[in-house]
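Presented below is the structure to which this report refers.
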Amino acid sequence: MENQALNDILKKSGFSEKEIGVYSALLELGSSVVSDIAKKARVIRSTAYVVLDSLAKRGLVSATERRGVKVYHGASPDELVRHLEESAKQYTISAGAVKKLLPKLKAETARSMPRPKVRLFEGE
C-alpha cells in the first residue's frame with residue numbers, strides 16, 4: 001500500500017513508469033548491480049542503464065565500483081524529498097517569470113492569430 005502511494009506521488013511529480021520501477025527496486029534492494037535492479041524493476045537491462053543514468057542526474061542514484069563491477073545505490077527517501085522540494089521551487093520560480101511575461105505573450109498571441117473573416121451574401 002505504501003509503495004503504491006509512493007508510486008502515485010512520483011508519477012504526479014513527472015517520473016516515468018520505468019524510473020519509478022527502478023527507484024522502487026533500489027529502495028527495496030539497497031545496493032545492487034544492474035542485472036538485479038532490472039530484474040526487480042521488470043525492465044530490460046539496457047533500459048535500466050538509461051534509467052539509472054537519468055535518476056543519477058537528478059541525484060537519486062549513485063554508483064560505486066566493487067571488484068570491477070558497478071554497484072548502484074538508491075538515494076535515501078530524505079534525498080527524494082529534497083529533490084521534490086527543489087523541483088517545486090524551480091516550478092514556482094518559472095511560473096512567476098511566465099506571469100511577468102503574460103501580457104507580452106497574450107499580445108503576441110493575439111497578433112499572430114488569424115482574424116475571422118465574415119462574408120455577407122445577398123439574394124438566393
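The values are calculated or read from the model by the stated rules, or taken from the named source; none is laboratory data. Keep in mind that this is a model prediction, so the values were computed, not measured. Side chains are part of the model used for accessible areas, which takes the heavy atoms of the whole protein and leaves out ligands, DNA and RNA. Shrake-Rupley method; radii C 1.70, N 1.55, O 1.52, S 1.80 Å.
Could you sort Phe15, Phe121 by their accessible area in this structure, using a 1.4 Å probe and putting the largest first? The partial results should precede the final answer.
Details: Phe15 10, Phe121 165 Å².
So, going from the largest accessible area down, we get Phe121, Phe15.
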| Any idea of Glu86's accessible area? Nearest 10 Å², probe 1.4 Å. | 80
| task | For Thr92, Thr64, write out the residues from largest to smallest accessible area, computed with a 1.4 angstrom probe and no ligands counted. | result | Thr92, Thr64
| query | How far is helix 77-112 tilted off the main Cα axis of the chain, in degrees rounded to 10, range 0 to 90? | reply | 20
| request: Quickly estimate the mean residue ellipticity at 222 nm for the chain, helices only: each DSSP H run with n ≥ 4 gives -39500 (n - 2.57), and the total goes over all residues, rounded to 500. | output: -21500 deg cm²/dmol
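Roughly what % of Cα-Cα distances in the chain sit above 21 Å, to the whole percent?
On the way: 4132 of 7626 pairs.
Considering the chain, 54 percent of its Cα-Cα pairs are separated by more than 21 Å.
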